[in-house]
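Notes follow once the structure below has been shown.
Values in this text are rule-based calculations from the coordinates and carry no lab data. The structure displayed is predicted, hence computed values, not measured ones. Positions of Cβ are generated from backbone atoms using ideal geometry, with glycine treated the same way; all protein chains shown enter the neighbour counts.
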Amino acid sequence: MTAIASTTVAGHQGDPGLVTRARWAMSDTLAITRRNLLVWMRVPAYLVFTVIQPVMFVLLFRYVFGGAIPVRTTGGYVNFLMPGIIGQTAAFASFGTAIALAQELKKGVIDRLRSMPMARSAVLAGRLVADSGRMFITIMILLGVGYAVGFRFTNGAGPAIAMVVLATVFGIAICCIAAYTGLAIGDEESVQAFGLIWLFPLTFLSSAFVPIYTMPGWLQAFANNQPVTYVIDTMRALALGGPIAANLWKSIASLAGIFVVFLPLAVRAYRRAS
Amino acid sequence: MTEANGGPAIIAEGLTKSFGDVHALRGIDLSVPRGTVLGVLGPNGAGKTTAVRILTTLLQPDGGRALVEGRDVVREAAAVRRSIGLAGQSAAIQEELTGRENLEIIGRLWHLSWPAARSRAAELLEQFGLSDAADRPAKTYSGGMQRRLDLSASLVGHPQVLFLDEPTTGLDPRSRLGMWDIIRSLVAAGTTLLLTTQYLDEADELADEIVVIDHGLVIAAGTAEELKGRVGGDVLEFTVPDRPRIADGVAAAARVGEGEPHADPETGMVSVGVGGRGSEALVDAVRSLDAAGVETRGLTLRRPSLDDVFLALTGHAAEEEQPGGRRRGRRRGGGRPGSGAGGATVSAAGSRDEARAAS
């Protein structure tokens, strides 16, 4: 059958054409995104808590721990802190991804969707789009709080925007890992516990909160050479100025690596979900 | 249009599926004519859900093949999905959203336009008696309402073939009867239905044909009446309250009955098939029990239920948990697959599979 002939019978018997399929994939992704955003609007408490937690971290590190942490950053610890905490917040947004997918799997929602003639990519894509929207809003609120407690971008508007974009892309990459674990583990409590086990060390054993030279040597070896440090050092250079090229390339390479490995794994887990 | 469009709505041949060393399906054959209801009956873990998941393209079989509306569930999965609806064991709905929003989103995912999705949602809410609750979050619904919403979600795309996996499990008796009415009206409208259940009365009530599955095999098939005929006529039943005397009760039952009596050591319930001897057997039983000095309660003669069929076929009751190994020793000759199903359109697994599984 030619593409034209098959398009005319789309929705009935034949396989729809490529253009129709692409359009459906878009509209399916939009429908799932809309659904996920609606669910959050119905549970405002959830949104508030996901924002309050990083705000508490900002205040805690700015006023409690910050005074004890020596940094050579212009503008003091608050300028050092904000890119780090934004990176960590983007990574922690992935908890929502993993938990929501595990819940949908358990309740049979994913079975229902997989038994329907909708695009196979839409559930994951819609989840990632909605989650990055939520992440972006959280980052904006954090920046507002950061400005209130003394943080300032000192490297111009363009790099500042680039920093937010990098943080969001980093968050989406971590969400891909979380989507895979959520679908593979399939139990919300286990998924949450598992998320803490790998995300806490990864974000705290990095340059997010303290200069790495203050750590013992064996820990520096890890902290200096892991993706969270690459990304946060790049964000810091974008926000405050300073050398950027080396860390930017390392960031791009490691984020690309995460997407290449975990996006297919997440898609596979969705196709085989049970 | 394929020639298969004139054939059965669902065909399965020799479906097998294993999870590690658990053999969920050992070779299942099914054939469901258009517009009819097949009841797949079996205890927990018999393989019912696995079969449904294969037929609805959620799971790939290890062996065998299956067609739904003439389309192969593995090679033409996308086409199969356009003709089916699935409602599983739990209410697969988004509880934070209203009933209307749930159905509208499903409509959009069926690629209906917004106006069409809205009117389809309103139509289904009306049909399922959910109009008044349509704009309330689904988490405020009762269990029965959630199941109705879930069922209506499976109907958004006007499926020709509907799969209901234990649609009334966990519902109270009233909601259950309401669900039966809804299911009957769907079938009356021409939908082909495959229904799994562990409730024997449900299969009796709704299904044109019944297959009994146990340990991943079809162990019997036929209409409810044909299956009941396997038990051998009427059933004599009584309870022995004094447990040490159960054995005497069984001995008395064996003297008057035609088949082998079955006793439940926990409830003291003894039952035996008495063929066509009806009231004569009842009188004999009273005499025999009296002579043995066994006190009984609730001595009755009744038409066989599917419970009796299950007992006769498998040697264990349908809802009974099976600790450890399989107990098949009590199965009678009449329980061989396929035998006695007459002209039934449902055929059972080949005897080769049966022999392999039994070894």
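Filtering the stretch A:53-76 to residues that are polar (S, T, N, Q) and either surrounded by fewer than 15 Cβ atoms within 10 Å (Cβ to Cβ) or farther than 19 Å from A:Thr154 by Cα (or both) leaves A:Gln53, A:Thr74.
Report yes if B:Thr50 is touching a strand residue (DSSP E or B) at 6+ places or on another chain (Cβ under 8 Å), within 24 Å of B:Ala203 (Cβ to Cβ) and surrounded by 24 or more Cβ atoms within 10 Å (Cβ to Cβ), otherwise no. Criteria met by B:Thr50.
This table checks each residue for (1) part of a helix (DSSP H, G or I); (2) at the interface with chain A (Cβ under 10 Å from one of its Cβ atoms).
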residue: B:Ala78; (1), (2): yes, yes
residue: B:Leu86; (1), (2): no, yes
residue: B:Ala91; (1), (2): no, yes
residue: B:Glu101; (1), (2): yes, yes
residue: B:Ile105; (1), (2): yes, yes
residue: B:Arg108; (1), (2): yes, yes
residue: B:Ser119; (1), (2): yes, no
residue: B:Gly129; (1), (2): no, no
residue: B:Lys139; (1), (2): yes, yes
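For the stretch A:195-222, filtered to residues that are within 16 Å of A:Ile174 (Cα to Cα) and among the polar types (S, T, N, Q), the residue that is nearest to the chain's Cα centre (by Cα) is A:Thr203.
Determine whether A:Gly182 is within 14 Å of A:Thr89 (Cβ to Cβ), in a helix (DSSP H, G or I) and of a type in the set (Gly, Ala, Ser).
In short, no.
Residues in the stretch B:45-72 that are more than 24 Å from B:Gly35 (Cα to Cα) and either in a helix (DSSP H, G or I) or within 11 Å of chain A (Cβ to nearest Cβ) (or both): 2 in all. Against the criterion of being touching a residue at least 60 places away in the same chain (Cβ under 8 Å) and either outside any strand (DSSP E or B) or over 26 Å from B:Thr57 (Cβ atoms) (or both), B:Asp135 does not qualify. Exactly one residue out of A:Arg62, A:Arg35 is touching a residue at least 40 places away in the same chain (Cβ under 8 Å), of a type in the set (Lys, Arg) and more than 14 Å from chain B (Cβ to nearest Cβ), and it is A:Arg62. Scanning the stretch A:107-135 for residues that are assigned to a helix (DSSP H, G or I), basic (Lys, Arg) and more than 8 Å from chain B (Cβ to nearest Cβ) gives A:Arg127, A:Arg134. The residue of the stretch B:63-108 that is surrounded by the fewest Cβ atoms within 10 Å (Cβ to Cβ), among those that are over 27 Å from A:Lys106 (Cβ atoms) and hydrophobic (A, V, I, L, M, F, W, C), is B:Ala79.
Residues that are among the aromatic types (Phe, Trp, Tyr), crowded, with 19+ Cβ neighbours inside 10 Å and touching a residue at least 60 places away in the same chain (Cβ under 8 Å): does the stretch A:207-227 have at least one? Within the stretch A:207-227 (the criterion being among the aromatic types (Phe, Trp, Tyr), crowded, with 19+ Cβ neighbours inside 10 Å and touching a residue at least 60 places away in the same chain (Cβ under 8 Å)), the answer is yes, since at least one residue qualifies.
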